[in-house]
Amino acid sequence: MKRLLVCEDEDTIREFVVINLKRAGYDVVDVNNGEAALRVFEQENGNFDIALLDIMMPGIDGITVLKRLREKSKTLGIIMLSAKSQEMDKVNALMNEADDYITKPFAPSELTVRVDALYRRVIMNSMNSEGVKMLESGPFVINLDGRTVTKNGEPIELTDVEYKILTYFLKNKNTALDRASILANVWSDSYYGDNKIVDVNIRRLRMKIEDDPSEPRYIMTIWGYGYKWEEKPENHR
């Protein structure tokens, strides 16, 4: 299907994005404001694989659109478009469950590579995993067939990226994983943004699975290197 929703208020940038994504084989629906993006998403019953959202727009801004789309779909791939001066907006977007961001100005090749990489993740995550059906660690259970995560039997809602990070950790319990390894396994080798995206998503994941994110018991930081999942017994106190 390869359907994309593009929301960008600047006509020249939006036209540039649409032309290049259509050349790459995507079916693109484009709008110029956040209100229209939400309306189209609703009208199309969420029938999109990826949404590209500009952060700074009049009316409903891109972060608000991101939050509302994420409420409707945890599996939709979402990429934010931002200017170089909007560093905190990028972090804010990732903390609000965006999958990636692209800094303006960007080349056609960067645009298509980043969209292609996210599209592959979306499709892979929609397919049932083969072989092992369950991953368990302490109170956590990942059902690979249903792509569900529970803690003490209670469901935890995760984005595709968070789910892939947690799955990677549980497949490598008690093993120190560097940021480059996490980046390659979760975002794929074709991703060439900075590794800050790893730290932001780890922070976000901790907020969802740790009892106290400021004193994590499961996702431990290996300073100057990366992270490690420490397996705790189910009756750990």
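Numbers at a glance
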{"read-out": "Residues being without any contact (Cβ under 8 Å) to a residue 40 or more places away in the chain, of a type in the set (A, V, I, L, M) and surrounded by 18 or more Cβ atoms within 10 Å (Cβ to Cβ) - total across the range 11-27", "value": "1"}
{"read-out": "Within the range 218-230, tally of residues that are outside any strand (DSSP E or B) and surrounded by 14 or more Cβ atoms within 10 Å (Cβ to Cβ)", "value": "2"}
{"read-out": "Where a residue in the range 197-214 is over 22 Å from Ser181 (Cα atoms) and surrounded by 14 or more Cβ atoms within 10 Å (Cβ to Cβ) and its partner, wherever it lies, is of a type in the set (Phe, Trp, Tyr) and modelled with pLDDT of 95 or more, with Cβ under 8 Å and at least six apart", "value": "Glu210/Tyr218"}
{"read-out": "The range 185-210, residues that are at pLDDT below 95, more than 14 Å from the chain's Cα centre (by Cα) and not polar (S, T, N, Q)", "value": "Asp189, Tyr192, Asp194"}
{"read-out": "Selected residue (criterion: farthest from Arg114 (Cα to Cα)) from residues of the range 52-101 that are crowded, with 17+ Cβ neighbours inside 10 Å and among the small types (Gly, Ala, Ser)", "value": "Gly62"}
{"read-out": "Qualifying positions in the range 164-182 - surrounded by fewer than 22 Cβ atoms within 10 Å (Cβ to Cβ), aliphatic (A, V, I, L, M) and outside any strand (DSSP E or B)", "value": "Leu170, Ala180"}
{"read-out": "Unique residue being in contact with a helix residue (DSSP H, G or I) (Cβ under 6 Å, 6 or more places away or on another chain) and of a type in the set (Gly, Ala, Ser) when the list is Ala36, Ala107, Ala98, Ala83", "value": "Ala98"}
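Results for (1) more than 24 Å from Glu162 (Cα to Cα); (2) within 21 Å of the chain's Cα centre (by Cα), shown as yes or no for each residue.
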position	(1), (2)
Val17	yes, yes
Ala24	yes, no
Gln43	yes, no
Arg68	no, yes
Ile78	no, yes
Leu81	no, yes
Asp89	no, yes
Tyr101	no, yes
Pro108	yes, no
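The values are calculated or read from the model by the stated rules, or taken from the named source; none is laboratory data. Since the model is a prediction, treat every value here as computed from it, not as a measurement. We place every Cβ from the backbone using ideal geometry, glycine too, and count neighbours over all the protein chains shown.
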